[in-house]
Amino acid sequence: MSRIEFKLAPLVLVVATLFSQAWADDAAPGVPKAPVTDVAPSMPVAPSVVGNPTGVMGTLAPNTLLTNDTALTPEQQADLWARLRQGFKLGDVDTPAVRQQERFYASKPEYMQRVAERARRYLYFITGEVERRGMPTEIALLPIVESAFMPKAQSGALASGLWQFIPSTGQRYGLERTWWYDGRQDVMAATYAALDYLQDLYNQFGDWQLALAAYNWGEGGVGRALAKTRAKGLEDSFDTIHKPHETESYVPKLIAIRNLIAHPEAYGLTLPDMPNKPYFEPVSTGRHIDVQLAAKLADTSVEELLHLNPGLIRPVFAYKDDRKLLLPADKVETFEANLEHYDKPLLSWQPYVTKHGESLQAVSDRFGISLAELRDVNKLGNGRVGNGQTILVPIRGDVDVSDRQNLAALIAGAAASVVDASAGKTEAAADARKHKVARGETLFSIAKQYGVKPDQLKQLNHLHGNKVAVGQVLQLQADAKPQLAAATAKPAHAGIRYVVVRRGDTLDEIARKHDVTVAELKRWNKGAGKALHVGYKLEIRSES
């Protein structure tokens, strides 16, 4: 994802401009903003080949793609695109679906240019990790399909980051989520986790196309589809299994992008230069430090620092032994030298525990920060009063907060709480199990604050509607253990659970998330095949 003078307004402006505008401007042309994974939708098959007067699109011989037995010239060795081509291993796939996706991407040269420019920061690192594991280098291009190389990208299915991890899978592969940090958006951590996951899927299915399908659909979905295919006496392959529409186009998208990178001139594209050298390097700060100050000491911009460290949720880099700050490679020596000689405080923020009913406007006035900035830094939404939660406020020498928690304790997780709605687990303190409704809060704002689905709160608190009353205490967990009942908890009738349709949901996404097929969803829910409506309760059955 400069600064000796600590002023918050520029930071907030930078963050808002950097990520909200990037997503608004740079989603694939003509493509809905959510879900992120549908960056390149299916398009009608055009009668002619876009940007390819030779008419060979989609019919390139396999040997033209597999160049790993060809020595690179010194000029090619300096080009990361050439290095990528050297490791292409998936082979030629000449299908109507691939040609359709080729036409789509080739018809959007400006979009491809923007994606490539964003990839410049991350692609060298990702390529190196892919090569180190002996994987096809096409895997390094997968973030184009998943997120268009936007590390803050979010999908309607709660997937996040370059590699679009949903919370449960991210947790399974060790991606930490706290009040300060989301590992799914961390460039290095998410890349390690994604490649671990893909390697596990390849080991399970023995085929890269099936592994990719499982990355998109889930291993359960692919496993069941293979069982049905084998029962018919067909071979195990991506083409033979019955799969959701999104997964059907997922592998063709990657193959199409690979083909464009392999031979951009054949598609009328010009790729920007991609130097074959590190763009960033990880450094250990040894201490907690303001994001703004870190950028100043590195002689770089806040925008650049946030591009490289998109996992940071708040304007503080919360130091841990195993957590590194990513800096432009040519700024590391500057940062380390400046940090060594910097003799002022590294933090301009302190924790403050709001009182129940305390006006957030009063808090902002007390600490000399605008209400809008206070809400943005602390992800407070439109709330107007405090409810005992810990927030960040600017450090002021004339304000005594000595009786409050210190920042180190807060960073350690003493008051932080991030609820994983998919996995049903909380990362922090036991005091996050209940929430007292404050004036101005709604069921939906409370659910968003704790990362819980509204229907989950309703089930836990036996609510029949969306209304909550001021002073009402809502249960956030099913029992005293640090654990939440799943949002789709089974009712009294064993073997059946329910999921409530949210805005932007599709049958494909819901089926993939719950390891079932679209056909099964339609069979269990009469009328689901026509149109999904927000609030519609879908039945999901456990069938052997």
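The values are calculated or read from the model by the stated rules, or taken from the named source; none is laboratory data. What you see is a predicted model; the values in this text were computed from it and never measured. Every residue, glycine among them, receives a Cβ derived from its backbone with ideal geometry; neighbour counts consider all protein chains shown.
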Worksheet entry | Some residue of the stretch 237-253 being hydrophobic (A, V, I, L, M, F, W, C) and over 24 Å from the mean Cα position of the chain (by Cα) | yes
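Which one of K243, K277, K296, K331 is at pLDDT 95 or above, in contact with a helix residue (DSSP H, G or I) (Cβ under 9 Å, 6 or more places away or on another chain) and part of a loop (DSSP other than H, G, I, E, B)? Talk me through it step by step, then tell me what you get.
Working: K243 fails: at pLDDT 95 or above; K296 fails: part of a loop (DSSP other than H, G, I, E, B); K331 fails: part of a loop (DSSP other than H, G, I, E, B).
That would be K277, the only listed residue that is at pLDDT 95 or above, in contact with a helix residue (DSSP H, G or I) (Cβ under 9 Å, 6 or more places away or on another chain) and part of a loop (DSSP other than H, G, I, E, B).
I'd like to know if the stretch 256-264 contains one or more residues that are part of a loop (DSSP other than H, G, I, E, B), surrounded by 13 or more Cβ atoms within 10 Å (Cβ to Cβ) and not acidic (D, E). So that I can check it myself, show each step before the final result.
Going residue by residue through the stretch 256-264, those that are part of a loop (DSSP other than H, G, I, E, B) are 263.
Applying the additional criterion that residues be surrounded by 13 or more Cβ atoms within 10 Å (Cβ to Cβ) yields 263.
If we keep only those that are not acidic (D, E) too, we end up with 263.
Yes: the stretch 256-264 contains one or more residues that are part of a loop (DSSP other than H, G, I, E, B), surrounded by 13 or more Cβ atoms within 10 Å (Cβ to Cβ) and not acidic (D, E).
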Item to complete: Say whether the condition of being in contact with a Pro (Cβ under 9 Å, 6 or more places away or on another chain), at pLDDT 95 or above, farther than 27 Å from A193 by Cβ and not assigned by TED's automatic domain parsing to the domain that holds L306 is met by at least one residue in the stretch 113-132.
Response: yes
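Every residue in the stretch 272-313 that is hydroxyl-bearing (S, T, Y) and closer than 15 Å to Y342 by Cβ, please.
We begin by selecting, within the stretch 272-313, every residue hydroxyl-bearing (S, T, Y); these are 279, 284-285, 300-301.
Passing the criteria: only T285.
Just checking, does the stretch 183-196 include any residue being modelled with pLDDT of 95 or more and not in a helix (DSSP H, G or I)?
Residues of the stretch 183-196 that are modelled with pLDDT of 95 or more, as a first pass: 183-196.
Among the residues that remain, those that are also not in a helix (DSSP H, G or I) are: 186.
Yes, because at least one residue in the stretch 183-196 is modelled with pLDDT of 95 or more and not in a helix (DSSP H, G or I).
Hey, could you check the stretch 299-328 for residues that are in a loop (DSSP other than H, G, I, E, B) and more than 16 Å from W180 (Cβ to Cβ) and say which is farthest from the chain's Cα centre (by Cα)?
To start, the set of residues in the stretch 299-328 that are in a loop (DSSP other than H, G, I, E, B) comprises 299-301, 309-311, 313-315, 318-319, 321-322, 324.
Applying the additional criterion that residues be more than 16 Å from W180 (Cβ to Cβ) yields 299-301.
On the way: D299: 28, T300: 25, S301: 23 Å.
Once the filter is applied, the top-ranked residue is D299.
Of all residues being of a type in the set (A, V, I, L, M, F, W, C) and in a loop (DSSP other than H, G, I, E, B) in the stretch 198-240, which is surrounded by the fewest Cβ atoms within 10 Å (Cβ to Cβ)? Just the residue, please. Please lay out each step first, then the result.
Start the filter on the stretch 198-240 by keeping residues that are of a type in the set (A, V, I, L, M, F, W, C), which leaves 198, 201, 205, 208, 210-214, 217, 222, 225-227, 231, 234, 238.
Pick out the ones that are also in a loop (DSSP other than H, G, I, E, B) and you get 234, 238.
Details: L234: 13, F238: 22.
Step by step, filter the stretch 198-240, then rank; the result is L234.
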Practice prompt. Kindly provide the set of residues from the stretch 93-107 that are within 17 Å of E248 (Cα to Cα) and surrounded by fewer than 19 Cβ atoms within 10 Å (Cβ to Cβ), ordered by number.
Written response: D94, T95, P96
Discussion item. List the residue pairs whose Cβ atoms are under 7 Å apart, where the first residue sits in the stretch 209-230 and is within 18 Å of T95 (Cβ to Cβ) and among the acidic types (D, E), the second is at pLDDT 95 or above and part of a helix (DSSP H, G or I), and the two are 6 or more positions apart or on different chains.
Written reply: none
Discussion item. Residue under question is V516, and the condition is that it be at pLDDT below 70 and not assigned by TED's automatic domain parsing to the domain that holds A225; does it hold?
Written reply: no
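Which of the residues spanning the stretch 152-172 are in a loop (DSSP other than H, G, I, E, B) and modelled with pLDDT under 95? Reasoning before the result, please.
Here is the first cut: in the stretch 152-172, the residues in a loop (DSSP other than H, G, I, E, B) are 152-153, 155-159, 161-164, 166.
Within the stretch 152-172, K152, A153, S155, G156, A157, L158, A159, I166 meet the criteria.
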